[in-house]
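*Asks:* Okay, handing you the structure first.
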């Protein structure tokens, strides 16, 4: 591949990214805004919902790991965790390996609440998917593994740039 071919390929990738990124951002925004309300729960700021989702996905995580993985300042992560603890959505446990550290775990209320939010998201998507053609639905379902891989790759690139 020549230098000119590589530049053309880079430009094509950038054009694809510019088309895809706004669509993904719009979907994320709709989910963030409508999921909690549709589930009938008290609204949570996006940062709280993101922290809660992380603790649900990684129970036993520490605050510093959570902050690093989500790109939050340590003090902001601690403040968010304190608020979620006060709401009964996260519980702190002393780390048995290091008594100075704490581990974060979701409560049953958090697990049930997130399940309600995810059910609401699924309902929103089901309604929207019903309005699409069978081909569009199939394309979206087929893209699911690639979207997961894209998310993992973005996270890994972010972590590598930070290190």
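Since every read-out is calculated from the coordinates, none of them should be taken as a lab result. Computed from a predicted structure; not experimentally measured. No Cβ is skipped: glycine too gets one built from the backbone with ideal geometry, and neighbour counts run over all protein chains shown.
*Asks:* Right, residue 122: closer than 21 Å to residue 42 by Cβ, within 17 Å of the chain's Cα centre (by Cα) and free of Cβ contacts under 8 Å to residues at least 12 places away in the same chain or not? Outline the logic, then answer.
*Replies:* Working: closer than 21 Å to residue 42 by Cβ: yes; within 17 Å of the chain's Cα centre (by Cα): yes; free of Cβ contacts under 8 Å to residues at least 12 places away in the same chain: yes.
So residue 122 fits the description; yes.
*Asks:* Looking at (1) in contact with a helix residue (DSSP H, G or I) (Cβ under 7 Å, 6 or more places away or on another chain); (2) more than 25 Å from residue 29 (Cβ to Cβ), find the lone condition where residue 67 falls short.
*Replies:* Only one criterion is unmet by residue 67, namely (2).
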